[in-house]
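Report on one structure; see the data block that follows.
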Amino acid sequence: MPIHDQGYRRYGGTRAGIGRAWQVMTRAGVMTIIAKRQFLALMLFAWAPFVVRAVQIYVAANFQQASFLAPKGETFREFLDQQGAFVFFVTIYVGAGLIANDRRANALQLYLSKPMTSAEYIAGKLAILFLFLVSVTFLPAMMLLLTQAMFAGSLTFVSNNLYLLPAITLFSLAQVLLASTTMLALSSLSKSSRFVAVMYAGLFFFTTALFNALRGITGRSSFVWLSPTASLEQIGDVIFLLPPRYQLSPSVAGLTVLILIGASLYILSRRVRGVEIVT
Amino acid sequence: MTQLGEAPAHPLDAPRFAGPVVQCQNLSVRFGKNWALNDVTAVFPAGAVGLLGPNGAGKSTLLKSLLGFIKPDKGSIKVIDLDVATSPLEIRERIGYMPESDSHIPGMNAVSFVAYCGQLSGLPATDAMQRAHEVLYYVGLGEARYRNIETYSTGMKQRIKLAQAIVHDPDLLFLDEPTNGMDPKGRDEMLELIHDLAHHKNVNLILSSHLLPDVEFTCDHVVVMDKGTIATYGPIDALKGTTGRVYELRIKGDEARFISVLRSEGYEVHDSDEDVMRVFVPGAAGDNPKVLFDLAARERVQVRHVRPSVPTLEDVFARAVGEK
């Protein structure tokens with residue numbers, strides 16, 4: 001029987017409106033990642049600090065002798081700092097191949113031949129990384145706050161430190177946006193996810209090493225702007241109402257982070273196209 | 001989604017889009033200093049249209065301009081009556097695109113990939129999955145639909161690209177070199193599929209190819225491109241010419257002079273393989289090769305071989321590109 005006799009039918013069903021393709025992309029991306037056992041193991045490790053802090057809060061709330069373990073506003077700042085390591089690993093695991101793999105398989109022209117703009121494509125990919133990074137920063141930090149209220153049996157700590165709600169949200173957002181946009185921009189520059197991972201790790205280690213070397217040589221920490229990680233730490237201190245740890249205006253550190261995010265978005269807008277034109 | 005056995009919402013013979021599917025007006029695209037498309041004005045009618053031309057003629061650039069991937073430097077394009085500049089998403093919702101190069105979404109099996117493409121085109125998840133199974137059977141990948149695409153052969157990859165392009169039942173299909181890299185059997189099957197889509201399933205399509213037989217087998221109309229311009233366009237039958245005949249001719253003597261004599265008599269001459277030239281003799285005179293023998297006798301050349309042939313798309317192509 002000829003192949004074409006096996007049938008092809010007109011489609012008479014409903015169609016979703018334009019502008020929803022990025023959600024399809026995000027859903028598929030999230031499902032693909034969470035189906036991987038390695039990733040689930042990584043997420044378990046990422047939540048381990050939460051468990052430790054929850055035990056600390058429980059002990060402090062229930063045993064007088066351990067009242068020195070009682071959480072303060074700084075505790076949440078430290079917690080998010082610790083989660084920075086997992087932000088790094090999750091960003092590499094999830095983000096390195098997000099666009100690089102599509103470029104390797106020439107999938108961009110397929111995506112962009114569907115009713116989807118390049119901005120939607122970028123949004124769909126960003127959303128995948130954003131969701132996983134939020135789940136290791138904002139989510140456990142907020143749950144920690146909730147855990148404190150539950151174990152203490154009152155909202156006194158929360159109401160006394162009400163600034164923690166916007167602080168956790170803002171700092172998590174800064175961490176997540178910086179990591180996700182930078183990684184996605186790097187991912188759009190190569191067809192190899194391994195190379196992207198190395199570039200990302202190199203970028204952060206090299207800039208941090210450069211900053212520390214200059215700090216060691218000059219004895220001044222005003223070179224914070226050279227390191228995205230240190231700039232983020234400086235912003236974090238301000239957000240959590242702590243004295244800034246480096247000798248640089250927090251606004252300059254904030255500008256560094258904004259410039260990095262802006263540059264990443266610019267690279268993405270240039271690299272995510274249905275066709276590559278070499279002139 | 002209509003269930004099997006129910007009457008489909010759109011019968012197969014229902015027209016999709018009857019007007020001109022593509023209208024280009026003074027379209028120009030420049031890459032650096034080179035004009036990839038130079039003042040192209042053309043109307044692609046509904047049905048199967050072949051976009052023919054040698055490598056570098058501007059076929060793929062035109063297709064990518066139609067998709068909105070490339071912004072023209074000048075001119076305007078309408079696809080299914082929608083302006084590419086203002087309604088690119090509405091257009092992409094109604095078209096299917098089969099790219100020339102290998103393309104897939106990494107890490108997916110065939111059925112997930114095609115269903116995913118259906119969802120990206122706006123189909124609900126259940127409908128997309130159902131249609132993915134159907135179109136994979138249609139393109140001949142039914143048995144291999146749970147295999148990872150990265151393990152597919154070149155021919156299978158071509159089929160899966162066609163499947164993702166038709167899963168959402170588009171009004172217009174863009175096929176860019178669909179038989180690239182296929183073995184002869186696979187190529188024939190792919191051409192049959194395309195012919196079936198165009199002539200039995202009423203899918204409007206534009207087939208870009210440099211392979212004349214592919215276009216001749218699947219299409220009713222042709223647009224011939226050369227060096228970024230339209231060399232000729234129209235129904236294939238009309239372009240081939242209804243009166244006149246093509247002769248394959250081999251002579252002994254001054255071939256160059258004889259060709260110029262033939263041309264001065266108003267005959268079209270194109271080189272073919274092994275010293276054989278194809279001579280198109282227009283009008284009723286073409287029914288008899290005597291005119292060629294008379295000319296040969298007059299010019300004192302020997303006719304070593306003469307065989308009547310029929311005008312093919314190759315002649316149209318050679319004429320159009322040669323004229324330019």
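Could you tell me which residue of region A:92-125 is farthest from the other protein chains (Cβ to nearest Cβ), considering only residues that are touching a residue at least 40 places away in the same chain (Cβ under 8 Å) and among the hydroxyl-bearing types (Ser, Thr, Tyr)? So, considering only residues that are touching a residue at least 40 places away in the same chain (Cβ under 8 Å) and among the hydroxyl-bearing types (Ser, Thr, Tyr), the one farthest from the other protein chains (Cβ to nearest Cβ) is A:TYR93. In this structure, B:SER121 does not qualify as under 23 Å from the mean Cα position of the chain (by Cα), closer than 27 Å to B:THR154 by Cα, of a type outside the set (A, V, I, L, M, F, W, C) and within 7 Å of chain A (Cβ to nearest Cβ).
Test A:LYS36 against the criterion of being within 14 Å of chain B (Cβ to nearest Cβ), of a type in the set (D, E, K, R) and surrounded by fewer than 17 Cβ atoms within 10 Å (Cβ to Cβ), and give yes or no. Spelling it out, A:LYS36 is indeed within 14 Å of chain B (Cβ to nearest Cβ), of a type in the set (D, E, K, R) and surrounded by fewer than 17 Cβ atoms within 10 Å (Cβ to Cβ).
Quick grid of which residues meet (1) in a helix (DSSP H, G or I); (2) touching an Asp or Glu at 6+ places or on another chain (Cβ under 6 Å); (3) of a type in the set (D, E, K, R); (4) facing another protein chain (nearest Cβ under 10 Å):
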position	(1), (2), (3), (4)
A:GLY17	no, no, no, yes
A:ARG27	yes, no, yes, yes
A:LEU40	yes, no, no, no
A:TRP47	yes, no, no, no
A:ARG53	yes, no, yes, no
A:GLN56	yes, no, no, no
A:GLN65	yes, no, no, no
A:PHE68	yes, no, no, no
A:GLN82	yes, no, no, no
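Can you find a residue that is of a type in the set (Lys, Arg), part of a helix (DSSP H, G or I) and closer than 19 Å to A:ALA28 by Cα anywhere in region B:108-131? Checked against the condition, which is being of a type in the set (Lys, Arg), part of a helix (DSSP H, G or I) and closer than 19 Å to A:ALA28 by Cα, region B:108-131 yields at least one hit. Selection within region B:218-260: residues that are part of a helix (DSSP H, G or I), surrounded by fewer than 17 Cβ atoms within 10 Å (Cβ to Cβ) and not acidic (Asp, Glu). The member of this set that is nearest to the chain's Cα centre (by Cα) is B:ALA238. Would you confirm whether any residue within region B:125-134 is facing another protein chain (nearest Cβ under 8 Å), farther than 21 Å from A:LEU112 by Cβ and touching a residue at least 12 places away in the same chain (Cβ under 8 Å)? Yes - at least one qualifying residue is present in region B:125-134. Of the residues making up region B:30-65, those that are assigned to a loop (DSSP other than H, G, I, E, B) and either over 19 Å from the mean Cα position of the chain (by Cα) or over 19 Å from B:ASP176 (Cα atoms) (or both) number 2. Looking at region B:166-195, which of its residues are more than 9 Å from every other protein chain (Cβ to nearest Cβ), of a type outside the set (A, V, I, L, M, F, W, C) and assigned to a helix (DSSP H, G or I)? Correct list: B:PRO184, B:LYS185, B:GLY186, B:ARG187, B:ASP188. Inspect all residues belonging to region B:66-74 and state whether any of them is part of a strand (DSSP E or B) and within 10 Å of chain A (Cβ to nearest Cβ). No; the residues of region B:66-74 include none that is part of a strand (DSSP E or B) and within 10 Å of chain A (Cβ to nearest Cβ). From the list A:THR75, A:THR117, the lone residue that is of a type in the set (Ser, Thr, Tyr), surrounded by 13 or more Cβ atoms within 10 Å (Cβ to Cβ) and closer than 22 Å to A:SER190 by Cα is A:THR117.
Every read-out reported here was derived from the displayed coordinates using simple, explicitly stated rules and does not represent laboratory data. Computed from a predicted structure; not experimentally measured. As a convention, Cβ positions derive from the backbone with ideal geometry for all residues, glycine included, and neighbour counts pool all protein chains shown.
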